Amino acid sequence: MKIKNLIAISLATGLIGCALMGPDYHKPNTNDPQQLPNQNRDLLATTESANLPMLAWWKNFNDPQLNQLIESALINNNNIQIAIGNIEAARGQLRQIEFAWLPIVGGNASYTNQAKGQYSLSFTPSYSLNIFQLIRAQEYAKANFEAVKAAKDTVRLSIISQVATGYFTLLGQDYQLQLQQQLVADLSELLALAKLQYQAGLYSLYQLQSYEQQYATAQAQIPIIQNNIIVAQNALRVLLNQNPGDIKRGEKFNQLNSYGIIPINLPSNILRNRPDIRQAEQQLIMANANIGVAVATFFPTINLTGAGGVASGSLNSLFGSNTDFWTTTAGATMPILNFGIYGQIQTAKGEYYAAYYNYLQTVRSAFAAVDNDLSAHQQLTLSMQQQEKFYQSTQLSYQLAESSFTQGLFSKPQLLQSDVALTQAALSLQQSKLQQLGTIVQLYQDLGGGYAYQNYESTIKFNDSHD
């Protein structure tokens, strides 16, 4: 076979085997469910969900300190600023592609030290253009820019959740410490009474040791809780881009209302607002465009160059009438035998394949996560309601015991035992409520709630050449 036939076959294969600019993008069909199976589980839910990305859902807790912490974190958090920096870099890449349509002009200046002093200055514009490749490269850069913006929104969503969870945890630990200290005080008094009873021969050594064990176990929890408070405070301070220190509190933990906070009337397509789903789709668009970038390598690159120069005694006569300013030549180049391009195309298609299934996985995981969150909120709310009933029953028992003690019908140890039972019930309720609050935060994170609230993309100025 003659070489020109081989060249023709290679070129034809490249042009016919691939679409003109690669495949068109089509949004994958994920067969979204018509509704979320476990929605509207909270019978007291009152929050509307018309615009979840803009919804400052944390304000429903009516705690100004929580609001201030989240707003401060959205402005000052380092990870958010990193994401904003990535947006600036992606914007620069997009501009680079957009400006590729314009010619590049280079200049050359020289001086000859002769009698009159001759200056010369020349300009050489150059223009190299693969139209098909630039179109797909611009599509790739735009998708990359949108993907990076979605990544920033994902970070914002995570920061909101971390601050809310950290704050609730901190309030819960404050309350837990208060209850634990009350428990230790009651057990200490019980132990002192048990020692007197033992010395009087009314208690056995086994009974005395039982009181000592209860007291030691309760006392051992206090330094752990105190350390957890410090850790929780410092975690919040890091989110705020601050050094270790105290965190101002707002509402008391047992005064926080955790009912009626989740949204109602959730359409299934609400999850399309989730930034990680947006990011996954933009990455799929990028991968699709990248196939076109590789395919376009088969097509001609048009080169346009020109030369302009002058020579004069002064810069005032730079563009003299006797000088031809533009001398233009145009040409086109394209690959004839470069089988490595097929490898580039195969790589791009493989990356698209991976991005396609990453998108499907992201969508599937989002629906599963929200359904799990709704179920968890339902079950933990029911559990907390039972804990509340148990606490109220124990509280009533203590009130009756206190009345009986006043009337001389109950002994001091009996009253203290009733107080211990009440404190332990309060500790169980505290843990149950903290878990239920966690389901609210997790649900809003998985719904993509609040990330667009006060969403800024401007960088913080260094006031130097880095700006």
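Some observations on this one:
- Our estimate of slack between LEU360 and GLN344, defined as 0.36 nm per intervening residue step minus the Cα-Cα distance, is 3.3 nm.
- Kirkwood-Stokes translational diffusion coefficient of segment 381-467, alpha-carbon pairs, 10 °C, 1.306 mPa s, µm²/s: 93
- Between LYS59 and GLN414, the FRET efficiency estimated from the beta carbon spacing at R0 = 45 angstrom works out to 0.45.
- Gain on full extension, evaluated as 0.36 nm per residue between GLN399 and GLN219 minus their Cα-Cα distance, stands at 62.2 nm.
- Subtracting the Cα-Cα distance of ASP32 and ALA192 from their residue separation scaled by 0.36 nm leaves 51.1 nm.
- Rounded FRET efficiency, nearest 0.05, which uses the C-beta distance separating PHE99 from ARG249 and R0 of 45 Å: 0.30
- The Stokes-Einstein estimate for segment 147-268, based on a Kirkwood radius over Cα pairs and taken at 25 °C with 0.890 mPa s viscosity, is a diffusion coefficient of 135 µm²/s.
- Subset of LYS252/LYS389; LYS195/LYS389; LYS152/LYS433; LYS27/LYS149 violating a 25 Å alpha-carbon distance limit: LYS195/LYS389; LYS152/LYS433
- Whole-Hz Karplus values for segment 175-187 come out as 5, 4, 5, 4, 5, 5, 5, 5, 5, 4, 4, 5, 5 Hz, taken residue by residue from phi with 6.51 cos²θ - 1.76 cosθ + 1.60 and θ = phi - 60°; glycine and proline positions read x.
- For segment 158-247, the share of accessible area belonging to carbon and sulfur comes to 52 percent (1.4 Å probe, ligands and nucleic acids excluded).
- Using θ = phi - 60° and Karplus 6.51 cos²θ - 1.76 cosθ + 1.60, couplings along segment 393-406 (whole Hz; Gly, Pro as x): 5, 5, 5, 5, 4, 5, 4, 5, 5, 5, 5, 5, 5, 4
- For PHE410, the residues whose modelled amide H falls within less than 5 Å of its own, excluding neighbours fewer than 5 places apart on the same chain, are PHE405.
- Normalised by 2.2 N^0.38 Å, with N the number of residues, the alpha-carbon radius of gyration of segment 228-278 equals 1.75.
The values are calculated or read from the model by the stated rules, or taken from the named source; none is laboratory data. Computed from a prediction, not measured in an experiment: that's the story for all the values here. Every residue, glycine among them, receives a Cβ derived from its backbone with ideal geometry; neighbour counts consider all protein chains shown. Side chains included, ligands, DNA and RNA excluded: accessible areas come from the protein's heavy atoms. Shrake-Rupley method; radii C 1.70, N 1.55, O 1.52, S 1.80 Å.
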